[in-house]
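Asker: Take this structure, written in structure tokens, and hold onto it; I'll ask about it next.
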Amino acid sequence: MASTAAVALQPDTNSPESDVSLTRLYVLRATYLLLAVGVASLIMPSLMNPAPMARGVIPSLLGGVGLCALIGLKYPVQMLPLLMFEFVWKTIW
């Protein structure tokens with residue numbers, strides 16, 4: 001029983017977070033937080049009160065990106081493609 005508890009308390013060395021330094025994880029999390037707060041302040045009002053003739057495709061897509069950014073706060077390395085998508089489309093735009 002004691003050996004099982006000792007194994008459960010050891011950090012997982014196979015996880016992607018173990019390959020990334022703690023500073024870089026915090027930078028990734030801060031970027032996801034900035035993205036989520038930016039989307040919440042700019043896009044969510046247009047999702048809550050849409051214009052009568054608006055189709056709402058762009059706010060819906062950006063709202064989904066903002067919600068995925070919240071997941072990125074917990075899993076920063078696994079959600080890295082989301083940041084790459086965000087940077088690419090903003091660069092093209």
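Asker: Mind listing the phi-derived Karplus ³J(HN,Hα) values for the range 42-58, rounded to whole Hz, using 6.51, -1.76 and 1.60 with θ = phi - 60°, and x for any glycine or proline?
Answerer: Calculated HN-Hα couplings, in order: 9, 9, 4, x, 6, 7, 6, 10, x, 5, x, 9, 6, 7, x, 5, 5 Hz.
Asker: If you build the convex hull over the alpha carbons only and average its shadow over all orientations, what do you get for the range 49-93? Give it in nm² to one decimal.
Answerer: Values: hull surface 15.5 nm².
It is 3.9 nm².
Only the coordinates and a few stated rules stand behind these numbers; no lab work does. None of these values were measured; they are calculated from a predicted model.
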